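Report on one structure; see the data block that follows.
Values quoted throughout were computed directly from the atomic coordinates according to the rules given, and no laboratory measurement underlies them. These figures come from a predicted structure and were not determined experimentally. Positions of Cβ are backbone-derived with ideal geometry, glycine not excepted, and every protein chain shown enters the neighbour counts.
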Amino acid sequence: KDLRDERRVADHIKEQIEKINVRVKTLKRTLEDAEQEMSREMSQKRKAVRELEDSEERISRERRKLIREFDDAEEANSRERRKALLILEETEAEINIKKRKALRELEDLRENYDSLLRENDNLKNKLRRGGGISGISSRLGGSKRGSIPGEDSQGLNNTTDESVDGDDISNP
C-alpha cells in the first residue's frame, strides 16, 4: 500500500508538475507575445517620434524660409518705396523748375505785352495829334513772322530809331 500511495503521490506530483509546466509554457508564450507587442509598440513609437521630429524640422525649415522670404519681400518693398519716393521728389523738383521757368516766361510775356500796349497807345496818340506814321512801317514790317513787333532775338530791344515816347535815338 505504501508503494501505491507513493505512486499515487508521485503521479499526483507529476500531474501537478505537468500542469505547472503547461502553465509556465502558457505564461512564457503570453510573456513572449507581450514582449513582441511591446517591441512592436516601441518600434511604432520610435517611428512616430522620428516622423514627429522630421515634421518639426520641416516645419522649422519652412518657417525660417517664410521668414526669410517675408524679410526679403519687405526689404524689396522698402527699396521700391524709397526708389518711388526718390523718383517722386525728382519729378516734383523738375516740375517746380519748369513751373518757375514758365512763370518767368509768363512774366516776360506780360512785360512785353505791357510794353507793346504802351507803344501802341503812344502811336495812337501820335496819329491823333497828326504826327504821321513814319516809324510804324519799319516796326511792323521788319519783324519775322511769329515774333513780337519791336522785339529782336535778345528780348525787348526796339528795332527802330524811335523810343517809346517818340524821341529819335540811334541803335548802337
Part-to-part distance (alpha-carbon centres) for the range 77-134 and the range 4-23, which is given in Å
132 Å
Straight-distance crosslink candidates among aspartates and glutamates, where the alpha carbon sits under 13 Å from K99 and sequence neighbours closer than 8 are dropped
E107
Which aspartates and glutamates have a Cα lying under 20 Å from the Cα of K83, excluding residues fewer than 8 positions away in the same chain?
D71, D72, E74, E75, E92, E94
What is the list of residues in the range 53-68 whose amide nitrogen lies under 14 Å from a point 7 angstrom out from the Cα of S78, following Cα to Cβ?
68
Could you pull out every one of the lysines with an alpha carbon less than 21 Å from that of K25, ignoring same-chain neighbours closer than 8 positions?
K14
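Would you please name the trypsin sites (Lys or Arg not before Pro) within the range 1-100 that are DSSP coil residues with at most 10 other C-beta atoms within 10 Å of their C-beta?
On the way: sites: K1, R4, R7, R8, K14, K19, R23, K25, K28, R29, R40, K45, R46, K47, R50, R58, R61, R63, R64, K65, R68, R79, R81, R82, K83, K98, K99, R100; in loops: K1.
Counting only loop positions with at most 10 other Cβ atoms within 10 Å, the trypsin sites (Lys or Arg not before Pro) in the range 1-100 are K1.
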